[in-house]
Amino acid sequence: MSNTIELIREEALASILDVNSSDALVEWRSRFIGRKGAVNGLFNTIGTLPRDERAAFGQRVNALQSKLTEAYDKREALIRQRALAMDLEDGDIDISLPAHPRPKGGLHPSTRTHREFQKIWADMGFHVYQSFDVEEDDFNFTLLNLPPHHPARDMQDTFYTANPKVLLRTHTSPGQIRAMRELGAGGSQPIRVILPGMCYRQEQVTARSEIQFTQVEGLAIGRNIRMSDLKGTIAEFAKRIYNPNAKVRYRASYFPFTEPSMEVDVECFLCDGEGCRVCKYTGWLEIAGSGMVHPTVLRNGGYDPNVWSGFAFGMGPERITMLKHGIQDIRYFWGNDLRFLKQF
Amino acid sequence: MRVPISWIKDFVDIDIPVELLAERLTVAGLEVAQVQYIGLPQTDVPGVRMPRADHLVWDREKLLLGRIVEVKAHPNADRLVLALVDYGGEALEQCVTGATNLFGYKDQGEITPPIWGAFAMEGAVVWDGHSEKARHMTLKGKELRGIYNRSMVCSEKELGISDEHEGVIILDHDDRYAAGTPLADILGDVVLDIEFTPNLARCFSMIGVAREIAAILGCEMRYPSFEFVAEGETIAGQVCIEIREPALNPRFTLTLLRDTEVKPSPFWLRHRLKLIGQRPRNNIVDVTNYITFEVGQPLHAFDYDKLADRAGGTPTIITRLPEPGEKLETLDDVERDLGAETILVADTAGALAVGGVIGGGETEISDSTRNVLLEGAAWNNINIRKTIKDQRVYTEASARFSRGVHPSQAILGSTRGIELMRQLGGGIVARGVVDAYPNPPETVRIELPITRVTRLLGMEVTIERAADVLRRLEFEVDIRGDVIVATAPDHRLDISADSVVGQADLLEEIARVIGYDQIPDTIMADEMPPQWENTDLYIEERIRDALAGMGLFEVINYRFTNRDTEAMLVPDGVASSLPDADYVEIVNPSASDRNVLRHTLMTNMLETAGNNASYQETQQVFEVGKVYLQGAETLPDEPLHVGILLTGRRHTSSWQDADESQVALDFFDMKGIVENLLHDLHIGEFDYSKGGHCGLHPGRSADILLRGKCIGSFGEVHPQVAERFKLTNDKVIYAELEVAPLVRHHRRLHAIEPLPTSPAILEDIALIVDGTVAANEVEAVIRQAGGRLLKSARLFDVYTGDPIPPGKKSLAYALTYQDPERTLTDKNAAKIRKKIIGATRHRLGAELRS
Ligand SMILES: [Zn+2]
């Protein structure tokens, strides 16, 4: 029987040298040290041996088992190592092949800019107040200190509807009156809102002008709102939307619904104020019209202008989007060419 | 308005670079849109950004004032002459020139009195006068028809002043300048193009701008003289005025100049008019234009003799509204039907002019006019606006009167105008002015506590400083304690008599002149208003995020469409399911196909799909936008809708699985999107019914029911509709949902299911049922029979064909059994399975497919 042990040992240790795959290794293991393998076969023969030989035989079979298990472990490690080396060496792919297209969607650039605006203004305590696209003449003009035949009415080419007192809002400003009346509790509550929305003007559609465009207007009403607050608030916005060092310039201007009124320019971020085509070589980009809410507008919103004051500002998200992305043609926005929309 | 600095300097000394001046004006509200340099260099001012000017800077050594001493014939050429020019050098210089306006002096000997030209020496750079394109050229010596020439007398074009190149510049004699003076010192100029907002009507003139500059720079304003030399008979009795509508014509003044000569204006006047873009005509008309721009008071000159003829004696000027059907032929040769509100200047014989807008042809100044009656009047600006709109006529006069000219200016314009006419054309001015002033505006006096200034600006302003600013703007100011009492100057109509509004008007002036840059930047210290949440907006944005996250691109369409296009959504013989509301109709649409606001997003979405079709193998897009439903109320409902459109391939093709990419997007892709969207909003209780949207295929569409109410539909676009929108290549799948019900039913709080701790048993079963049995019925029976322990039943295959008998189909389900509390055994699973098979057989006639 001891010969058998030797034979198995020799055969096992010799044949394992030819084992080069994990499949062959599994086969080798079951042949020699598996449940039905040769070593177990030897254990099964112990009962047939004379009593006095059993212990010694058992010890030798045990030794054989550990020897073969050790050989197995070594071989397994070796095979794994080789497989790893092979995988690392031969498994290269052509990384220049095109990617598999993954489904990808995206938000309209105008929506993206609106969200950016809304987030910044929300941080400063301004809530979003939405108002109507189709408005009464009174709200769009008269209550905003633009009575009939006011010269500033000519600045805005209006779409009128079959009802002569109803029009498509030319700006989001009518929402100011609605917000004051709805949220102001009869002129007794402060307000901080922004009014985003689509506006409409009867214009020739060109690369520079559209018949519909979005606006974001802001309104703050309080007992102690100052012009310096307007400046500080707008400067904060400019810093957040452009860069923390953005220089801001304020120009006196005219809007019927604010007084004093001012235009806000930010240093051109495309040329750092050196002058380029986009800023028409002035180094400045116009970003907002603003001012202190006109006393007449405060009154029309239900507030006593002797006690309450406020500021308002308006911005054009499309224009700012155009500046940020070098978009030359405003018609891209509602043209909905997916080749454009997929670039955001 | 074009504003030459040389003209402004008549009224105010400017001691800062013009670039800085432009910046100061711009920030003070007079926006300088453009700066044009004439001969002078651009200055670099630190901190001021200006577009780089591309202009000719006149060489101070080589472009000089020259006296043209004599003009001789050219020996070899009829169309050229030789001009002998004293340019301050040691000898006269001979220039060969073709200037037609020198031919008259040919061979006349020394010219007296002397005439003056713009002389260019050899080496000077000028514009090429003969070139169509703007091009510089350097003057070089060469022979011109046998005579050597190295210098020239220049035309306006050659100096870059205007396009005129017929003749050369002949300047007026001016004692201040000797031959050899650099031209830059005489004609060099900078012209600012200033844009005025409607509140700056008072600035719409050289004096108006100069006054602002004086206030901004804090320097002295020099007004021109408004005195006039009047040595004739008194005007009284030579003309009368009758104002019938004082509200529309608050003031009317007349002056009279007799025995004058109508002729071309001198160089300086023609030059100034050209600088501001006006065409010189004759000395009388030029003065009316000049005063319009200098004082801001438009004038109108009548031929007095023609008026006297019409009247058959002493003329009476009548301002009135038209008679019914009255017409007038105006200076621009247009016969005008006069609207009922058009104010007229007339006489006893009929209409003469449209007041404040345009004169009539019959009584205008002609070359033979001897006696000039000059009108300086004031008009109601709103009425003039109506006339402009009504008559579609825009003149320099109407531009000013429509913005508002204070009636006090009428007399200033008249007196300065008549004196200038006298100086230029000679003659004798009648003594006095006929001045009818029935309706002077009220004087506006505002009390402004300095505390209000400080509070509203957020900046400490001393009362003296505020008062000083207002005085610089010519307000009359009293300080009473801490209150400024300011009386508006008589050139301003923009200061309100309402005390709070008037205070705001003054506040703006104070802030503007001090400079907005002086106001600090502060953070609002005011009470924070109550905060609230905008749920509508939150859901709107959630919808956008959910759809974009599913691989869809957001589009934003025009909200305009037209009735016919929306009617295309209704196939022949099908009843419309579109909203039963009126349209918001645009009476002045930008295009006839955009004359109503949409009732549905569908037409715009289909059009967008059509536009993209040729570039895209797949389109998966959505829009969240309003539709407009006009009801009985004044304003329409503006409900928010979400529209989703799918067309083309389900996958974009890849080099690895090109076959799979051929599968077209279909109804079930849309169903997946709709369900994901509703799931994203945690809306669980929805259901489907057979589609009822007229624009969708009746057999391949569904309505979405939320608590039994239809909130939208989706499905294949009806083939006839698709064809009408020229979308025939690929199937188009469309969905449109109302957003309001999603807002109403979305769940902000929802509990999650705990993760199971026991293992699940998975198995597949395939059931053969009649082809007409709907999948959701089968699933309902399976779920009911499976009970609590059937965790999920997912349909993974639908099969018809061999070996399934005709008219039947096989539905294969992946079933998951699980008990959250204990581990299920195979025996438990077999029991559930048996129940399921039994129930489906019993209720649906299903057979187990082996
Ligand atoms: Zn730039």
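The values are calculated or read from the model by the stated rules, or taken from the named source; none is laboratory data. None of these values were measured; they are calculated from a predicted model. Counting neighbours? That spans all protein chains shown, and the Cβs are built from the backbone with ideal geometry, glycine included. Surface areas here come from the heavy atoms of the whole protein model, side chains and all, with no ligands, DNA or RNA. Shrake-Rupley method; radii C 1.70, N 1.55, O 1.52, S 1.80 Å.
Among the residues of the range B:202-244, which ones are out of contact with any His (no Cβ under 9 Å at 6 or more places or on another chain) and assigned to a helix (DSSP H, G or I)?
Once the filter is applied, which keeps residues that are out of contact with any His (no Cβ under 9 Å at 6 or more places or on another chain) and assigned to a helix (DSSP H, G or I), the range B:202-244 yields B:203, B:206, B:209, B:210, B:212, B:213, B:214, B:215, B:216, B:217.
Taking first residues from the range A:277-302 that are more than 10 Å from chain B (Cβ to nearest Cβ) and more than 23 Å from residue B:496 (Cα to Cα) and partners that are within 16 Å of the ligand (Cβ to nearest atom) and in a loop (DSSP other than H, G, I, E, B), the Cβ contacts under 7 Å between residues at least 6 apart in sequence or on separate chains come to A:278/A:268; A:278/A:270; A:285/A:268; A:285/A:279.
Do the conditions hold for residue B:593, that is, is it in contact (Cβ under 8 Å) with a residue 12 or more places away in the chain, of a type outside the set (Ser, Thr, Tyr) and either part of a loop (DSSP other than H, G, I, E, B) or more than 9 Å from chain A (Cβ to nearest Cβ) (or both)? Yes; evaluated as a whole, the condition is true for this residue.
The criterion of being more than 7 Å from every other protein chain (Cβ to nearest Cβ), in contact with a helix residue (DSSP H, G or I) (Cβ under 7 Å, 6 or more places away or on another chain) and within 22 Å of residue B:197 (Cα to Cα) holds for residue A:266. In the condition set (1) open to solvent by less than 30 Å² (accessible area, probe 1.4 Å); (2) within 25 Å of the chain's Cα centre (by Cα); (3) more than 14 Å from the ligand (Cβ to nearest atom), residue A:332 is compliant with all but (1).
Set side by side, the residues B:585, B:566, B:509 differ, and just one is closer than 28 Å to residue A:294 by Cβ and acidic (Asp, Glu), which is B:509.
When the residues of the range B:800-850 are filtered to those that are part of a strand (DSSP E or B) and surrounded by fewer than 15 Cβ atoms within 10 Å (Cβ to Cβ), the one that is farthest from the chain's Cα centre (by Cα) is B:848. Scanning the range B:332-360 for residues that are assigned to a loop (DSSP other than H, G, I, E, B) and within 27 Å of residue B:419 (Cβ to Cβ) yields a total of 3.
Within the range A:214-227, the set of residues being under 29 Å from residue B:512 (Cβ atoms) and either crowded, with 21+ Cβ neighbours inside 10 Å or more than 8 Å from chain B (Cβ to nearest Cβ) (or both) comprises A:215, A:216, A:217, A:218, A:219, A:220, A:221, A:222, A:225, A:226, A:227. So residue A:272 ticks every box in (1) under 30 Å from residue A:224 (Cα atoms); (2) open to solvent by 10 Å² or more (accessible area, probe 1.4 Å); (3) of a type in the set (Asp, Glu) but one. Which box is left unticked? Single failed check for residue A:272: (1).
Within the range A:12-68, the set of residues being of a type in the set (Val, Ile, Thr) and open to solvent by less than 50 Å² (accessible area, probe 1.4 Å) comprises A:16, A:19, A:33, A:39, A:45, A:46, A:61. Residue-level analysis places residue B:545 outside the set of residues that are within 21 Å of residue B:635 (Cβ to Cβ), more than 7 Å from chain A (Cβ to nearest Cβ) and of a type in the set (D, E, K, R).
The residue that is most open to solvent (accessible area, probe 1.4 Å), among those in the range A:228-249 that are farther than 15 Å from residue B:507 by Cβ and of a type in the set (Ser, Thr, Tyr), is A:242. For the range B:552-564, a residue qualifies if it is within 7 Å of chain A (Cβ to nearest Cβ) and open to solvent by 10 Å² or more (accessible area, probe 1.4 Å), and the qualifying residues are B:553, B:556, B:558, B:559. Specify the residue that is surrounded by the fewest Cβ atoms within 10 Å (Cβ to Cβ); the eligible residues are those in the range A:123-152 that are at the interface with chain B (Cβ under 9 Å from one of its Cβ atoms) and not in a loop (DSSP other than H, G, I, E, B). By that ranking, first place goes to A:152.
Residue by residue, here is whether (1) open to solvent by 50 Å² or more (accessible area, probe 1.4 Å); (2) under 19 Å from residue B:169 (Cα atoms); (3) out of contact with any helix residue (DSSP H, G or I) (no Cβ under 6 Å at 6 or more places or on another chain) holds:
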residue	(1), (2), (3)
B:88	yes, yes, yes
B:101	yes, yes, yes
B:114	no, yes, yes
B:127	no, yes, no
B:131	no, yes, yes
B:135	yes, no, yes
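Pull out all pairs, ordered by first then second residue, where Cβ-Cβ is under 9 Å, the residues are six or more apart or on different chains, the first lies in the range A:25-41 and is free of Cβ contacts under 8 Å to residues at least 24 places away in the same chain, and the second is open to solvent by 60 Å² or more (accessible area, probe 1.4 Å) and small (Gly, Ala, Ser). Listed by first residue and then by second, the contacts come to A:36/A:30; A:37/A:30. Total residues in the range A:270-284 satisfying the condition of being near the ligand (Cβ under 7 Å from one of its atoms) and either hydrophobic (A, V, I, L, M, F, W, C) or outside the structural domain of residue A:217 (by TED's automatic domain parsing) (or both): the figure is 5. Can you confirm whether the range B:724-735 contains a residue that is in contact with a helix residue (DSSP H, G or I) (Cβ under 8 Å, 6 or more places away or on another chain), closer than 30 Å to residue B:566 by Cα, open to solvent by 40 Å² or more (accessible area, probe 1.4 Å) and without any contact (Cβ under 8 Å) to a residue 24 or more places away in the chain? Yes, because at least one residue in the range B:724-735 is in contact with a helix residue (DSSP H, G or I) (Cβ under 8 Å, 6 or more places away or on another chain), closer than 30 Å to residue B:566 by Cα, open to solvent by 40 Å² or more (accessible area, probe 1.4 Å) and without any contact (Cβ under 8 Å) to a residue 24 or more places away in the chain. Restricted to the range B:506-542, and to residues there that are free of Cβ contacts under 8 Å to residues at least 24 places away in the same chain, assigned to a helix (DSSP H, G or I) and at the interface with chain A (Cβ under 7 Å from one of its Cβ atoms), the residue that is farthest from residue A:263 (Cα to Cα) is B:537.
Can you confirm whether residue B:105 is more than 14 Å from residue B:168 (Cα to Cα), over 48 Å from the mean Cα position of the chain (by Cα) and of a type in the set (Phe, Trp, Tyr)? For residue B:105, the condition - more than 14 Å from residue B:168 (Cα to Cα), over 48 Å from the mean Cα position of the chain (by Cα) and of a type in the set (Phe, Trp, Tyr) - is not met.
When residue B:247 is tested against (1) more than 25 Å from residue B:419 (Cα to Cα); (2) assigned to a loop (DSSP other than H, G, I, E, B); (3) in contact with a strand residue (DSSP E or B) (Cβ under 9 Å, 6 or more places away or on another chain), only condition (3) is not met.
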